[in-house]
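First the structure, in the form of structure tokens, and then the observations on it.
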Amino acid sequence: MIRFCPPLNPNRGYELAKGTIAAARRSAEMVWLSPIAVSGGNIATLDKGTTCSSWNYCGQRLATGSTDGTLSIFDSPDPSSSSFTCNLKTKVHAGAILKVVWVPPEFGDAVACICSDGSLLLWEEIVEDAQPLQWKLCKSFESTSTQVLDVQFGVSSTSLKLVAAYSDGHVKVYELLDPLILKNWQLQAEFQNAIDSVTMFRKASCISASISWNPQKGENQGSSFVLGFNSDTPQLNSSKVWEFDEAHNRWLPVAELALPEDRSDEVYAVAWALNIGRPYEVIAVATQKGIAIWHVGANPELDGRLSVEKVALLSGHGGEVWQMEWDMSGTTLATTGSDGMVRLWQSNLNGVWDEQAAFQPTA
Amino acid sequence: MSGENQGGAIVPYSEEAKKPVVYPLRHGLKPPISRLGISWSRGNSLRVTVFRQPSEDSENEVGGKAVEVRLDGRDGEISDAQWRRIAYGSVSPFALLQSRKNSFASLSKISSTTSPFDAEWWEYVLEYSKDISSLLGNQTSTTQSLIEDPKEVLKDPEPSNLKAAWELMESFYADKLSQAWLPERLVDWLADYDSLFSSTQETVHSKLVDFQKDLVSLQVIEDEPKYWEVMSSALAVGWLDIVVKLLRLHGSYQLDQLGNRETENGLVEAVAVLISKMPRMRPELEAGKLGECFKAKPDFMKAWEKWRAQIAKLECSTFWIQCAHRQTQEGLRNMLQIMLGNTNNLCTLTCHWMELYIAHFLYIRPFTVGLESMYGLAQKCIQLKPMAASHRLMGLLIGILGENIEVVLAECSKGFGPWMVTHAIEVLTAGSHQADTLLHEERDNLGGISMEELHRLVYAQVLSSHPLTWQIAPIYLTSCIKQGMGLLEMLLYKQPVDHNQLLLKNLEICRLYELDSVSSNIMKIAGMYNWKHGKKGSGVYWLQQARDEARLNRIAQQMFDSVGRSISDENFRQWEGLIQLLGSEPKTAGGLEFLHNYRDFKKSLLQIRDGKTTDAARQAVESLISLMKNPCTPQRFWLPLLHDSLKLLNWEERPLLNVLQTNLLLNKLQELSIARLRPDFIEADLPPHALSSVRLALATNLGRTTLEEQ
């Protein structure tokens, strides 16, 4: 831990002009983000009624969904350009598209659309036989009584897994059977987001859910994700880390990211940070109490659980947190919420988390 | 608020200090804004999507904007192109120093007596520092014009804060030889960079600039009070050449006046000579600069005393009474007072505390050595001339003088961004064990990395966010022991694969750093991209390069399906190339072996149709037998294969299959007849009598071959 070094001889010389030393001390613990030079600007213009957007893995394609069920794809002419134009519009649903998520690039150029009737559609860009390149529906996950609230893809060495969270508090994990075709999915598991796997919460009603896969890539990486609900059933809300137990072919809750008194708090968003070499994992969880930063141990303890430590509780957006995203080094967290701001958070050299910058959209 | 504790900070944050800066995010949309979306792009550029609440009235309105925010920590002082030039230019000095460091480290492992901080290590660091410094732009001395304008007292270079900061770091940390004459180095430094302070307040430089504008229109220069004031100010900060040049513009030098202003001119010249003979505690002076250099302190002290005595003597001289021109008399005596170290004069004639500081070194405390006394003096000067606004260069200088490595580092980072801090660390650690320990200590709070590594990672991220600079990020990432490779993998993974050149560059980087799993992942993505976008050949090629057996097997399977559906020649030709590409390496799928045999079989059949040679027919039979024997051949292919071979079975000249072979095929046919009864059996797309015609042909062949073998 760094301490501000006192002068070698405290009595020497004169006092520095007021403010200078305080500034120096503050900067000694400063964070590495500043100064922020905000450059850049508009890179794409979206159509009327656009409700959601998603950038692909390399930031070269933007998919947006709109209230009339239109999926739009934006591309840039070359990789060094940062101006994106809409090259395709296709109507994928009669109702609105609520969320768009890109399928990992190892499985082609495809997006999952969550629609207003609760269905989940997979659309893919493909050349088939002698036909030209087109976007085609490759899979439709329909459900009659419940709605899909969130969906996220996880890649393990060869297979692709899809986790969907439903409005009745259920979680379904599907596995892709054929890596070449996004059509055939097998339901691998279905469970509720509760530590106690015996009790079933039948009448759960969930407003939103947030899923985040462990973003680690690599052959030896097992599958795990974190999931939290915003529901009327306290037991389902708190974020839990689920890990796939290969030996017994089942999903197990290995950690709960909530202090005992906060377990019923509705979760707005979760985000699992990239780990480029830390001995522990970092996960951000947003509830109405703020954004909590959790350190999660890498190796399970005797009871199979992972050790967890809440290292910070950050307040900033006031109300709901819409989205949280970690940068590519897993050190800066960007968040946005109902106060209409984008905020950036980092830990300083003392391990203290703090807000580093905020962006206010202005016309 | 944030965190449950205040870390180990002795000075707690004040609430005010914690408030983050709020930056405007201009999107140009009419309110109301309904929602925002965020996504990190490569490096540290953040993309924000702004969604607008749709309104009923207008039809063609915009529904939202995507805006990119680059958090690159650069100020507007340096243009994008210049910045990239610096970024690219600093790669090789950095890499060279790293490799030297590595060889030093391996040397010191062999003999424990040498440490990288002894011996000639700092010479390497100085070389590095000079290389970096030269990237940041050239200073005045090199831009001398051929014809010198006698009235041009100031050159007009455009110094940058970045260069000024680098020079400070070099003087104090890299250049061990300059340690003995640091005050003089600061004199030079201020002479080069005083103009940088002019933007926020008046400086000696700005006074000179103003005066230079008036100079051309002045008739009798010595009557102008500003002339004397500006000269005195310049003298106070030690710009001796400028002062002497200005003095020689004095009217008494003019030929027509020389006669009646002899004494006056003598005094002016005497002062000019004294100024140009000022003893300086430094090894050398640049050409054109004035003063007499002394390397050893005793010599310097002796010369100093002598010089001071000469000034004092002139001050008391009687010639002053004979000097008729009042302004000249006052002006010159003022200048003598400066040289005699009159505190009040120095304080009124300088503007910025740094100027006063330099004046102190030159005329009041010329024997100052050691950072501690330099720091004390700086504090005194700041008190006498408080700064109107804080300046990043001053923050850095105070940190350096205060011998607080953390502050120096923080000021570098805060004031000059990640490029500066990453490259300055090399200089900072060169001679200071304290800095070395501080920067290389592994910290739990940083996830187990050192501060040096942290800053390199941050800089690499800045490089990564631009398509023209990401390619140099690996140099810095690979110098990070713990997390560099992890970030490099992420960076490479996030490069688009749909541009071939970029893809090849990407793979080249993987090869260079032995990132096999990343490169195979990239090739997998490229393979899938091509496969799905109609470029099946390239798709297979990249998947093979990636050794992605799972996908290749599936492709082979798809080919079976396609081939099995219809066995027409056109269809076969379509696939033939792919089968060729898929290769027949033992590692790849068993299914491929089938496809290869199948291809050979089909080729032979085609030859038979064309030329009817018995040899080709024999080859076809061999292929057929090996296909039928191979357990990998899917059952649904059996009948189509046999049906295709009817011609072989009914070969006119002589039976081509021996008894054993015929029996094998008959058994397979029998197996097939039984399999047809199962519900999951897939009927081949063949004429209804196919089975019976094959059976008949086989029976006939059996008869003929039995007869022949007897």
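The values are calculated or read from the model by the stated rules, or taken from the named source; none is laboratory data. Source: prediction; values computed, not measured. As a convention, Cβ positions derive from the backbone with ideal geometry for all residues, glycine included, and neighbour counts pool all protein chains shown. Side chains included, ligands, DNA and RNA excluded: accessible areas come from the protein's heavy atoms. Shrake-Rupley method; radii C 1.70, N 1.55, O 1.52, S 1.80 Å.
Looking at (1) more than 8 Å from chain B (Cβ to nearest Cβ); (2) modelled with pLDDT of 50 or more; (3) crowded, with 19+ Cβ neighbours inside 10 Å, which is the only condition residue A:83 fails?
Residue A:83 satisfies every listed condition except (3).
Criterion first (open to solvent by 10 Å² or more (accessible area, probe 1.4 Å), within 10 Å of another protein chain (Cβ to nearest Cβ) and more than 22 Å from residue A:82 (Cα to Cα)) does residue B:508 satisfy it?
Here the answer is no, as residue B:508 does not meet what is asked.
Out of the strands (runs of 3 or more DSSP E) lying entirely within the stretch A:59-138, which hold 3 or more residues that are hydrophobic (A, V, I, L, M, F, W, C)?
Qualifying strands (runs of 3 or more DSSP E): A:70-75, A:97-102, A:110-115, A:120-126.
Can you give me the ranges of the helices (runs of 4 or more DSSP H) entirely in the stretch B:207-302 with at least 1 residues that are more than 19 Å from residue B:320 (Cβ to Cβ) and touching a residue at least 60 places away in the same chain (Cβ under 8 Å)?
B:225-236, B:240-247
Would you be able to tell me the number of residues in the stretch B:494-503 that are within 7 Å of chain A (Cβ to nearest Cβ) and surrounded by fewer than 23 Cβ atoms within 10 Å (Cβ to Cβ)?
3
Among the listed residues B:708, B:622, B:653, which satisfies the condition of being of a type in the set (Asp, Glu) and either in contact with a Cys (Cβ under 7 Å, 6 or more places away or on another chain) or not in a helix (DSSP H, G or I) (or both)?
Step by step, each of B:708, B:622, B:653 is checked, and only B:653 is of a type in the set (Asp, Glu) and either in contact with a Cys (Cβ under 7 Å, 6 or more places away or on another chain) or not in a helix (DSSP H, G or I) (or both).
Grab the helices (runs of 4 or more DSSP H) fully contained in the stretch B:319-415, keeping just those with 3 or more residues being outside the structural domain of residue B:251 (by the TED database) and free of Cβ contacts under 8 Å to residues at least 40 places away in the same chain.
B:371-384, B:392-401
Please determine, by comparing only the residues of the stretch A:253-296 that are of a type in the set (Gly, Ala, Ser) and touching a helix residue (DSSP H, G or I) at 6+ places or on another chain (Cβ under 7 Å), which one is most open to solvent (accessible area, probe 1.4 Å).
Ranking the candidates gives A:264 first.
Return the total of residues in the stretch A:318-346 being over 15 Å from residue B:70 (Cα atoms), at the interface with another protein chain (Cβ under 7 Å from one of its Cβ atoms) and surrounded by 24 or more Cβ atoms within 10 Å (Cβ to Cβ).
Within the stretch A:318-346, residues that are over 15 Å from residue B:70 (Cα atoms), at the interface with another protein chain (Cβ under 7 Å from one of its Cβ atoms) and surrounded by 24 or more Cβ atoms within 10 Å (Cβ to Cβ) number 2.
Looking at the stretch A:42-63, which of its residues are within 7 Å of chain B (Cβ to nearest Cβ) and of a type in the set (Gly, Ala, Ser)?
Passing the criteria: A:44, A:49, A:53, A:59.
Are there any pairs, at least 6 apart or on different chains, whose C-beta atoms fall under 9 Å, with the first in the stretch B:18-32 and closer than 13 Å to residue A:342 by Cα and the second among the basic types (Lys, Arg) and part of a strand (DSSP E or B), and if so, which?
B:20/A:343
Would you check if residue A:352 is within 7 Å of chain B (Cβ to nearest Cβ) and either of a type in the set (Phe, Trp, Tyr) or touching a residue at least 40 places away in the same chain (Cβ under 8 Å) (or both)?
yes
Which of the residues belonging to the stretch A:274-301 are outside any strand (DSSP E or B) and touching an Asp or Glu at 6+ places or on another chain (Cβ under 7 Å)?
Within the stretch A:274-301, A:275, A:288, A:289 meet the criteria.
Could we say that residue B:509 is modelled with pLDDT of 90 or more and of a type in the set (A, V, I, L, M, F, W, C) here?
When the stated conditions are applied, residue B:509 passes them.
Please verify whether residue B:119 is in a helix (DSSP H, G or I) and either more than 21 Å from residue B:192 (Cα to Cα) or modelled with pLDDT of 60 or more (or both), treating the condition exactly as stated.
Criteria not met by residue B:119.
Identify, please: which residue in the stretch B:609-649 is closer than 24 Å to residue B:673 by Cα and touching a Ser or Thr at 6+ places or on another chain (Cβ under 7 Å) and is, among those, most open to solvent (accessible area, probe 1.4 Å)?
Result: B:646.
Given the residues A:130, A:165, which is the only one that is open to solvent by 50 Å² or more (accessible area, probe 1.4 Å) and of a type in the set (A, V, I, L, M, F, W, C)?
None of the other options fit; the residue is A:130.
For the stretch A:46-60, indicate whether the set of residues that are surrounded by fewer than 17 Cβ atoms within 10 Å (Cβ to Cβ) and at pLDDT below 95 is non-empty.
Within the stretch A:46-60, none of the residues are surrounded by fewer than 17 Cβ atoms within 10 Å (Cβ to Cβ) and at pLDDT below 95.
Mind telling me which of the residues B:362, B:397 ends up being of a type outside the set (Ser, Thr, Tyr) and more than 14 Å from chain A (Cβ to nearest Cβ)?
After applying the criteria, what remains is B:362.
Give the residue, chosen from B:491, B:457, B:477, that is surrounded by 20 or more Cβ atoms within 10 Å (Cβ to Cβ), without any contact (Cβ under 8 Å) to a residue 24 or more places away in the chain and within 12 Å of chain A (Cβ to nearest Cβ).
Going through B:491, B:457, B:477 in turn, just one is surrounded by 20 or more Cβ atoms within 10 Å (Cβ to Cβ), without any contact (Cβ under 8 Å) to a residue 24 or more places away in the chain and within 12 Å of chain A (Cβ to nearest Cβ): B:477.
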